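Colleague: Handing you a structure now.
The values are calculated or read from the model by the stated rules, or taken from the named source; none is laboratory data. Since the structure is predicted, the reported quantities are computational estimates derived from the model, not experimental observations. Here the Cβ positions follow ideal geometry from the backbone for every residue, glycine too, while neighbour counts run over all protein chains shown.
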Amino acid sequence: MNFTNLSRYSALNERTYRRQFEQEVEFAQLNRTLVEQYTDPTHQLLAVMDCSFIAKSGKATCGRDWYWNGCANRVEQGLEVSLIGVVDVEAQTGYALSAQQTFAQKDLPDLTRMDQYLYHLDTMRCELPPSVKYLAVDGAYAKENFITGAVQLELHVISKLRCDANLRWLYMGEQKPRGRRRKYDGKVELSHQERLTFVETLRPGVDLYTATVFHVSLKRTIRLAYPLNRSNPTKPRFVVLFSTDVEQDPLEIYRLYSLRFQVEFLFRDAKQFTGLADCQARDCVKLEFHFNASFTALNLAKIEAHQQHHAGTPLTFSMASMKRRALNEHLLERFISNLDLSPSVIKAHPNYEKLRNYGMIAA
């Protein structure tokens, strides 16, 4: 998946790939076209966004800085890539749209990391499908400048709050005839559910509550979705989800935030199978080309899997199987070409499909 390995499976030289990675390609437009053509137009689409740490050694690589590495649960030196994607809600399938490298703090001293993420979202807003109205992000993005910027881009944000978030109840009682109107009715104690509204039972032992409250740090009114897990009566657990759309159904908030994890699967498959962390380049142009090419290859593999899927049976997508089949096809094409065999005769043989699927994981 790096320049050297690409040249080993191709007639092109390694330096040719290095030069080609300097070219400008509209990956966002390409991925948007793929999503629009190969997803059901009646399905709801959800925008997702997240960052991932990329290990990188050396001192001359563009953007190398200290970033949070979730796998190691600590800050490490390396690179970071920000990804904006789209999730087909009904099919529960995520597609990458645009990847952008995070610059080192010393290169952009006047901008915070959150400013860079918001700039990425701003530049890619026009590439999101018009039907997208919600953006699901991790709790790290629940900052006032990012939330305000996303809402100004006409995207309602669905995210998660800390368990000690500073919230205020909205005052719904009768106002005094004179003086300033009363806005709030005390602080929200998230460890108590007495004033929350019960919605429904999600599964045995897990209930969903909701409320409309004011968030002091975000400086806006939000809708809470509060799943409470009572499986262990002595130690109940809860998560505080929220949406900037105060009219949104709390059950939909819970469901859409759960689909946010599709972006984590994109990072996982891209790192394991399409070489996201294997780039040999050091300048930012080649690195960004590599990151986007890695995610676009993943999109194409998913679309090919959908095209080969037979209706009436559940789709089981395995990037390992898709990569194995692609390698088998590549080797068979090399055998046919170098041995001067007849392609039509070989591909018409009943065992050709067995060779294409050799080594694939059984669905």
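Colleague: Out of curiosity, is LEU332 under 19 Å from ILE303 (Cβ atoms) and assigned to a helix (DSSP H, G or I)? Give the steps one after another, and end with the answer.
Modeller: Working: under 19 Å from ILE303 (Cβ atoms): no; assigned to a helix (DSSP H, G or I): yes.
No.
Colleague: Related question: List pairs: first residue in the range 30-47 and buried (at least 20 other Cβ atoms within 10 Å of the Cβ), second residue assigned to a helix (DSSP H, G or I) anywhere in the structure, Cβ distance under 7 angstrom, at least six positions apart or on different chains.
Modeller: Listed by first residue and then by second, the contacts come to ASN31/THR296; ASN31/ASN299; ARG32/GLU127; LEU46/LEU256; LEU46/LEU259.
Colleague: Next up: How many residues are under 30 Å from ALA91 (Cβ atoms) and not aliphatic (A, V, I, L, M) when one looks only at the range 1-59?
Modeller: Initial filter on the range 1-59 (under 30 Å from ALA91 (Cβ atoms)): 1, 25-54.
Subset that is not aliphatic (A, V, I, L, M): 26-27, 29, 31-33, 36-44, 50-53.
Result for the range 1-59: 19.
Colleague: For the structure I just gave you, tell me whether ASP185 is in the same structural domain as VAL239 (by TED's automatic domain parsing) and in a strand (DSSP E or B). Quick ask: steps written out before the conclusion?
Modeller: On the way: in the same structural domain as VAL239 (by TED's automatic domain parsing): yes; in a strand (DSSP E or B): yes.
Yes; evaluated as a whole, the condition is true for this residue.
Colleague: Would you be able to tell me the number of residues in the range 160-182 that are part of a strand (DSSP E or B) and free of Cβ contacts under 8 Å to residues at least 60 places away in the same chain? Steps first, answer last, please.
Modeller: Looking only at the range 160-182, we keep the residues that are part of a strand (DSSP E or B), and these are 160-161, 167-170.
Filter once more, keeping what is free of Cβ contacts under 8 Å to residues at least 60 places away in the same chain: 167-170.
Looking only at that region, the number is 4.
Colleague: Give the residue that is surrounded by the most Cβ atoms within 10 Å (Cβ to Cβ), with candidates limited to residues of the range 126-166 that are acidic (Asp, Glu) and more than 16 Å from ARG255 (Cα to Cα). Steps first, please.
Modeller: Taking the range 126-166 and keeping what is acidic (Asp, Glu), we get 127, 138, 144, 154, 164.
Subset that is more than 16 Å from ARG255 (Cα to Cα): 127, 144, 154, 164.
On the way: GLU127: 18, GLU144: 14, GLU154: 10, ASP164: 9.
Step by step, filter the range 126-166, then rank; the result is GLU127.
Colleague: Please go through the range 67-107 and give me each residue that is charged (D, E, K, R) and within 27 Å of VAL25 (Cα to Cα), ordered by number. Spell out the reasoning first.
Modeller: Of all residues in the range 67-107, those charged (D, E, K, R) come to 74, 76, 80, 88, 90, 106-107.
Residues satisfying the conditions are GLU80, ASP88, ASP107.
Colleague: For a quick check of your reading: which strands (runs of 3 or more DSSP E) sit entirely within the range 1-111 and have at least 1 residues that are modelled with pLDDT of 90 or more and not assigned by TED's automatic domain parsing to the domain that holds LEU259?
Modeller: On the way: elements: 45-54, 65-69, 74-88, 93-101.
Passing ranges: none, list empty.
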